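The values are calculated or read from the model by the stated rules, or taken from the named source; none is laboratory data. This one's a predicted model, so the numbers in the text were calculated from it and none came from an experiment. We place every Cβ from the backbone using ideal geometry, glycine too, and count neighbours over all the protein chains shown.
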Amino acid sequence: MILRRTLLLSAAALVPLTLTARAAPGSAFSPQDKADIARVEAYLNGLKSLKAHFLQVAQDGAISEGTAWLQRPGRMRFQYDPPAPFLLIATHGELIFHDSALQQTSQIGLDRTPLGILLADTVELAGAVTVTGIQRLPGQLQMTLVRTQSPGDGSLTLMFADPPLTLRQWTVLDAQRRETHVTLYNAQLGGSFDPQLFEQISVPAAKSP
């Protein structure tokens, strides 16, 4: 199933992207590009923890929702609401996907996924990460990122409300060119979470009719 595979690399845009992100190699960045890259870098490094409701749309149109916890560096949990039998956890340098319906667990190194860029200890939008596109819409800033040495692993497109700069959505394009979109709602920034939240493989049982 496409949803199961794309979840491994994703975790967003429900808003249609009417403009094509332009290629923007470092040597061609305008002063505004450079200023926006610096703002996004500073914002992401200041984003230490987050809890939010999420809505996910897979490339096949499948829609899922649930609760997301993010704690940088390197930790994330996507708890999908029933009846979806999925759980996605980032911990110990791995992205772990569990399907309780099939009793299957898969994992991949965070350094091989675009999502790992967001969870890095320090986000640096240069060197190991390349900004390949910047897009500005009214009240919105969008930035597309790839790993410089392995762009074929996929891309991460972050969408911010602006101003003030606030992460609202992201899109992951995986190595098979499949997109997964995630939108965050009612985000709560800051605070700390129980470390066990990022260790436990448990999926809520579906409610009886």
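Just to be sure, is Gln135 surrounded by 13 or more Cβ atoms within 10 Å (Cβ to Cβ), in contact with a strand residue (DSSP E or B) (Cβ under 6 Å, 6 or more places away or on another chain), over 21 Å from Met76 (Cα atoms) and not β-branched (Val, Ile, Thr)? Step through it out loud before you land on a result.
Numbers: surrounded by 13 or more Cβ atoms within 10 Å (Cβ to Cβ): yes; in contact with a strand residue (DSSP E or B) (Cβ under 6 Å, 6 or more places away or on another chain): yes; over 21 Å from Met76 (Cα atoms): yes; not β-branched (Val, Ile, Thr): yes.
Taking the combined requirement at face value, the residue satisfies it.
In region 85-125, which residue that is small (Gly, Ala, Ser) and at negative phi is farthest from the chain's Cα centre (by Cα)? Working first, answer last.
Applying the first criterion (small (Gly, Ala, Ser)) to region 85-125 yields 90, 93, 100-101, 106, 109, 116, 120.
Remaining after also requiring at negative phi: 90, 100-101, 106, 109, 116, 120.
Numbers: Ala90: 11, Ser100: 22, Ala101: 24, Ser106: 18, Gly109: 15, Gly116: 8, Ala120: 12 Å.
Top of the filtered list is Ala101.
So which of Val203, Val146 is surrounded by 14 or more Cβ atoms within 10 Å (Cβ to Cβ), at pLDDT below 95 and either part of a strand (DSSP E or B) or touching a strand residue (DSSP E or B) at 6+ places or on another chain (Cβ under 8 Å) (or both)? Let's see the steps before the verdict.
Details: Val146 fails: at pLDDT below 95.
Going through Val203, Val146 in turn, just one is surrounded by 14 or more Cβ atoms within 10 Å (Cβ to Cβ), at pLDDT below 95 and either part of a strand (DSSP E or B) or touching a strand residue (DSSP E or B) at 6+ places or on another chain (Cβ under 8 Å) (or both): Val203.
Just to be sure I understand, how many residues within region 73-86 are modelled with pLDDT under 95 and either crowded, with 20+ Cβ neighbours inside 10 Å or closer than 15 Å to Phe54 by Cα (or both)?
3
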